[in-house]
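The values are calculated or read from the model by the stated rules, or taken from the named source; none is laboratory data. Since we're looking at a predicted model, the values are computed, not measured. Ideal geometry is used to build each Cβ from the backbone, glycine not excepted, and the neighbour counts take in all protein chains shown.
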Amino acid sequence: LAKTTQPISMDSYEGQEVNITCSHNNIATNDYITWYQQFPSQGPRFIIQGYKTKVTNEVASLFIPADRKSSTLSLPRVSLSDTAVYYCLVGPLIYNQGGKLIFGQGTELSVKP
Amino acid sequence: DTGVSQDPRHKITKRGQNVTFRCDPISEHNRLYWYRQTLGQGPEFLTYFQNEAQLEKSRLLSDRFSAERPKGSFSTLEIQRTEQGDSAMYLCASSLRTSGSGANEQFFGPGTRLTVL
């Protein structure tokens, strides 16, 4: 599975847009990019997934350049409740590869008032 | 609340004791996963079931660990002869395996925090 690199931590203020970039230079043709969010003392929660270009849902946007060697999770107008750890995962769809998700260390986002 | 429940939420035990955790997945989900998470790290895969069959086990799952999903519904994870290094958050997740699904989405429970003294 492709190794991912993302910043260990980021700080932001309420109302700002936050962009978290993940590098995955060895991404394979059948790999998807998936982001999870984890609040303290809770399990991770799926945020968004994409293969190429741009994906947007009610929570976030995911930008993937043509070479797919990196991706950027964009959180619009963050609030204090967006303080969490964000994980970038790269791999084939779980129903193809057997199910397991491979998590890295994640990016700890701290949103300040 | 994702619909996945775990019991207990916290467990404190002495080294050498056996512990058992339970996970109740979302009822229609046929896949169930166990992960372990230590402080400052992302979750690490331990094992997963499709219905009642255990299809994969991580090398992290030593002989002291055993997991079951007897009727393809709830699952238990047992740790025998606990060691201090077993202290961690044990997370359960479930998903529905459908070939048409494009989402790598697993639904996680709140976890069981184990402390081994």
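Tell me yes or no: at least one residue of the stretch A:11-33 is surrounded by 17 or more Cβ atoms within 10 Å (Cβ to Cβ), in contact (Cβ under 8 Å) with a residue 12 or more places away in the chain, part of a strand (DSSP E or B) and at the interface with chain B (Cβ under 10 Å from one of its Cβ atoms). Within the stretch A:11-33, one or more residues are surrounded by 17 or more Cβ atoms within 10 Å (Cβ to Cβ), in contact (Cβ under 8 Å) with a residue 12 or more places away in the chain, part of a strand (DSSP E or B) and at the interface with chain B (Cβ under 10 Å from one of its Cβ atoms).
The test for being under 23 Å from B:Gln37 (Cα atoms) and either within 15 Å of the chain's Cα centre (by Cα) or part of a strand (DSSP E or B) (or both) does not hold for A:Val111. Beta carbons closer than 7 Å, at least 6 apart along the sequence or on distinct chains, pair a first residue in the stretch B:3-23 that is more than 14 Å from chain A (Cβ to nearest Cβ) and on the phi > 0 side of the Ramachandran plot with a second that is exposed (fewer than 15 other Cβ atoms within 10 Å of the Cβ) and at pLDDT 95 or above for B:Gly16/B:Arg81. Filter the stretch A:38-60 for residues that are part of a strand (DSSP E or B) and within 11 Å of another protein chain (Cβ to nearest Cβ); which is farthest from A:Leu80 (Cα to Cα)? The residue in question is A:Gly50. Taken together, the residues in the stretch B:10-37 that are surrounded by fewer than 13 Cβ atoms within 10 Å (Cβ to Cβ) and under 19 Å from B:Phe107 (Cα atoms) amount to 2. Could you please give the count of residues in the stretch A:34-49 that are farther than 18 Å from B:Ser95 by Cα and crowded, with 21+ Cβ neighbours inside 10 Å? Total meeting the criteria: 0. Here A:Ser79 qualifies as more than 30 Å from B:Asn30 (Cβ to Cβ) and away from every other protein chain (no Cβ under 14 Å). Within the stretch B:52-61, the set of residues being exposed (fewer than 15 other Cβ atoms within 10 Å of the Cβ) and in a loop (DSSP other than H, G, I, E, B) comprises B:Glu52, B:Arg59, B:Leu60. Only one entry of A:Lys100, A:Lys112 meets the criterion of being of a type in the set (D, E, K, R) and at the interface with another protein chain (Cβ under 10 Å from one of its Cβ atoms), and that entry is A:Lys100. Has the stretch B:76-91 got any residue that is more than 11 Å from chain A (Cβ to nearest Cβ), hydrophobic (A, V, I, L, M, F, W, C) and more than 22 Å from B:Thr2 (Cβ to Cβ)? Checking the stretch B:76-91: at least one residue is more than 11 Å from chain A (Cβ to nearest Cβ), hydrophobic (A, V, I, L, M, F, W, C) and more than 22 Å from B:Thr2 (Cβ to Cβ).
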